[in-house]
Structure formats: C-alpha cells, structure tokens
Amino acid sequence: MTFGPQSTTDDVLSGKDLTGKRILVTGASAGLGVETCRALAAHGATVVGAVRDLEKARGATAPVREAARHGFELVLLDLASLASVRRCADALVAAGEPFDVLIANAGVMACPKGTTADGFETQFGTNHLGHFELLNRLAPLVRSGGRIVCLSSAGHRFADVDLDDPGFERTPYHEFVAYGRSKTANVLCAVGLDQRLAPRGVRAAAVHPGVIQTELGRHLSPELIAQMRSAVQSQSSGSAPALGNRTWKTSPQGAATSVWAGVTAAADAVGGRYCEDCHVCEINEGNACKAFARTPSIPRAPRRCGARARSSSESVSRTSARGTRERHPPPGRASADPPARRGGGAKHRRQPLGARPPQPRARLPPCSSHCESRRRRR
C-alpha cells in the first residue's frame, strides 16, 4: 500500500497487530506524542510514555488509556536536565524489559534564548543532547529487529551544527538558527545510531512529521512565522512547495510518518535515512534533506565544526568551543556523561544570563546563503 502526506496513523497501521511489541515515546503529554501513543496502543503495543510533567500527562493521555489493549505507563523525563535523563534511562535499564522501538518525539521550537539545567543552549540541549543521552543508554535494551526513530524537521535546513559556538556566545542568537542546528543534530544522531547498531539488527531513521498546529509552536510570533516563510521560500528548489506554503496536517497525519518508520516500512529502506510524508527522501529532494544532515562518510580526524557521524568502529570524538576534546562512546557501551560546562578562571567562567550585555537580534538568513557562507568559512 502506498502512503502519502494525508495518510494517518490508523492508515499506516491498518491490519497490523503489535501485540508483544514494547515501544517508548518521548513527549507523550501533548500533540504528536499523545497521538503516536494512542495509535500504537490501539493496535496492541505496550507503550511507555516519557513526560516532563506527570500530572499534565495523566489528563492528556486519557485517550491512550482508553485505546490501550495491552498496557500504557508513564515515566518521568526532563530532556533539559541530563540528571533527569540518566535517572529515567537507568531505571528502565535496571528493570531489564526490552524495547522494540524508541521514538524520540519530544522537543522545543523557536524559544527565547536560554539554557538547560546543564548550561547548554535550550534547543540544542533539549532536542539533541537530552535525546542523545537517553538513546545511548537505552540502546542495549532494543531487541534485534528493532527501530529507533528521531523526530527532526524540515527546519534542519536553517543551519548545520556549529560546534565552534554551540551556545551562541559569539554569534547573535536567532530562534530558527538554533532550532535548525538542533534538528540537523537529530538527523545526524539517527545516521550515527544506524551505522553503529545495524550490525546487530537495529535500524534508526529521522523523520519530518510535517506542519502541525501543536504546543510545539507556542513561542511563534507573527514576526517569526513571517521570517520562517520568507527564508524557506527563498531557497525552495524547482516546483517543490516551500515549507511556508505546505498544507497543515492533523495530529494523526503528522504522527503517521513516525509510526510508519517505526513499525511499517521495511527496515533496510528507512535505516539511516530521512523520511517525510511516509516515504524516504533523497538529499536535497524538494525541501527535504540537506546534504550536511546526511553525511556518514567524513574524515576520521576530529573537526572543530560540523562533526558528523563517524565509522561504527569508533567513538564519536568532538572538540568543544573551548578546545577540550569530548568523547562519547557508541550505543551499546556504557555511555559517557556529556561533560559539564567548565570553569577554570574568569576567562572561561559562564556569566549569569542577566549579567550579559544585550545582544543584537539576528535576522534569519535564507538557508542556501547561510549554509554556503558556512562552507566558505571552513
């Protein structure tokens, strides 16, 4: 059966019995997370929803509990706190119950400049680093034949990852540049996980759910929406529709690609790939996947900026903006804790946000010129 942008979760799961499958979904207290949990539970899966606010989630997930055939539970997870991520993951690992699918659905978008509990820029820290830590720690629990789905966005086209200045300490902050960096990192995380886990039969994919009106867009002002549409239209290729002109989806339509990639599509078809509208996108297909977000083959020597997935035999090695090498072992081994922001003197000491001088507001550059200027600087 062929699926497309109007397909719903129930369409892609039609005729499927997921009895015996155990699936984790982050961000299960609103929007796509609730719908993803509902559809999977209704078709027989045992679903674990990871949420930041348990009280809110209990009310929001009432439809999931009504539809569940074999069980639904909630666990506490705050992706903006690595301590919370570790507590959640370690408790699940200690319980020893395997998973068939992990869906990294939670995230934030276009929020004002801020930091996580660990001092990382909010969007990069929440959308990427929190999920990076969680997925690495839970990877040993994923059964052979399982899947990992990382929700990215067409907004990854706004920016490549910038490891020279990940916290916008030297670069004017813009909400969508920060969002683009985090969403590019989500794609690269899926590519890297797929490289490392495919030998034992676990595949990973990144998905763009589409344009859906959910709580994710609570920080969007009319000004930001106008800037987003202008920037993406300026780099729309051929006859493909620009992001700003895309048809709005319902939650069942928006969650369909996550479910399709997780349990319906052929594993070899989606492994290490970027998916949208329930199909696999090629690099630079329309407004789909930029090349910098799906580059598995790069030099193995550490690079300060734009570091991407390494070979499956190596640990991911990166150099931070302060010149300190950070090593993250591949999934399946004990995952190293992402390093805390270092002090070591007045020059490197992070000042409270309120003590910083005001920074000029950056305007979002068109994706193509932004990425081209970054390539020239390299």
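With respect to the numbered conditions (1) under 21 Å from residue 148 (Cα atoms); (2) open to solvent by less than 20 Å² (accessible area, probe 1.4 Å); (3) among the polar types (S, T, N, Q), which one is the sole condition not fulfilled by residue 105?
(2)
All but one of (1) surrounded by fewer than 16 Cβ atoms within 10 Å (Cβ to Cβ); (2) in a loop (DSSP other than H, G, I, E, B); (3) touching a strand residue (DSSP E or B) at 6+ places or on another chain (Cβ under 9 Å) hold for residue 87; which doesn't?
With respect to (1) surrounded by fewer than 16 Cβ atoms within 10 Å (Cβ to Cβ); (2) in a loop (DSSP other than H, G, I, E, B); (3) touching a strand residue (DSSP E or B) at 6+ places or on another chain (Cβ under 9 Å), residue 87 is out only on (2).
Which of the residues spanning the range 135-181 are in contact with a strand residue (DSSP E or B) (Cβ under 7 Å, 6 or more places away or on another chain) and open to solvent by less than 10 Å² (accessible area, probe 1.4 Å)? Outline the logic, then answer.
Pass one, the range 135-181, residues in contact with a strand residue (DSSP E or B) (Cβ under 7 Å, 6 or more places away or on another chain): 135, 138, 141-143, 146-154, 163, 166-168, 178.
Correct list: 135, 138, 142, 146, 148, 149, 150, 152, 154, 167, 168, 178.
A quick yes/no check of all residues on (1) over 17 Å from residue 106 (Cβ atoms); (2) assigned to a loop (DSSP other than H, G, I, E, B); (3) touching a His at 6+ places or on another chain (Cβ under 7 Å):
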site: 127; (1), (2), (3): no, no, no
site: 133; (1), (2), (3): no, no, no
site: 136; (1), (2), (3): no, no, no
site: 139; (1), (2), (3): yes, no, no
site: 143; (1), (2), (3): yes, no, no
site: 176; (1), (2), (3): yes, no, no
site: 180; (1), (2), (3): yes, no, yes
site: 185; (1), (2), (3): no, no, yes
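From the residues in the range 30-69 that are touching a residue at least 40 places away in the same chain (Cβ under 8 Å) and touching a Gly at 6+ places or on another chain (Cβ under 6 Å), which one is most open to solvent (accessible area, probe 1.4 Å)?
Only one residue fits best here, namely 69.
For residue 118, are the conditions met, namely being among the acidic types (Asp, Glu), open to solvent by 20 Å² or more (accessible area, probe 1.4 Å) and within 17 Å of the chain's Cα centre (by Cα)?
Judged against the criteria, residue 118 is not a match.
Are any residues in the range 2-41 aliphatic (A, V, I, L, M), closer than 25 Å to residue 139 by Cα and not in a loop (DSSP other than H, G, I, E, B), and if so, which ones?
Listed by number, the residues that qualify are 23, 24, 25, 32, 34, 39, 40, 41.
If you scan the range 1-22, which residues turn out to be among the hydroxyl-bearing types (Ser, Thr, Tyr) and farther than 12 Å from residue 43 by Cβ?
Listed by number, the residues that qualify are 2, 7, 8.
Working only within the range 167-200, note down all residues that are over 25 Å from residue 273 (Cα atoms) and in contact with a helix residue (DSSP H, G or I) (Cβ under 9 Å, 6 or more places away or on another chain).
At the first step, the residues of the range 167-200 found to be over 25 Å from residue 273 (Cα atoms) are 167-175.
Selection gives 167, 168, 171, 174, 175.
Please go through the range 107-119 and give me each residue that is modelled with pLDDT of 95 or more, part of a loop (DSSP other than H, G, I, E, B) and closer than 14 Å to residue 78 by Cα, ordered by number.
116, 117, 118
The values are calculated or read from the model by the stated rules, or taken from the named source; none is laboratory data. These numbers were taken from a predicted model, which means no experiment stands behind them. Glycine gets a Cβ as well: all are built from the backbone with ideal geometry, and neighbour counts include every protein chain shown. These accessible areas exclude ligands, DNA and RNA; they are computed on the full protein's heavy atoms, side chains included. Shrake-Rupley method; radii C 1.70, N 1.55, O 1.52, S 1.80 Å.
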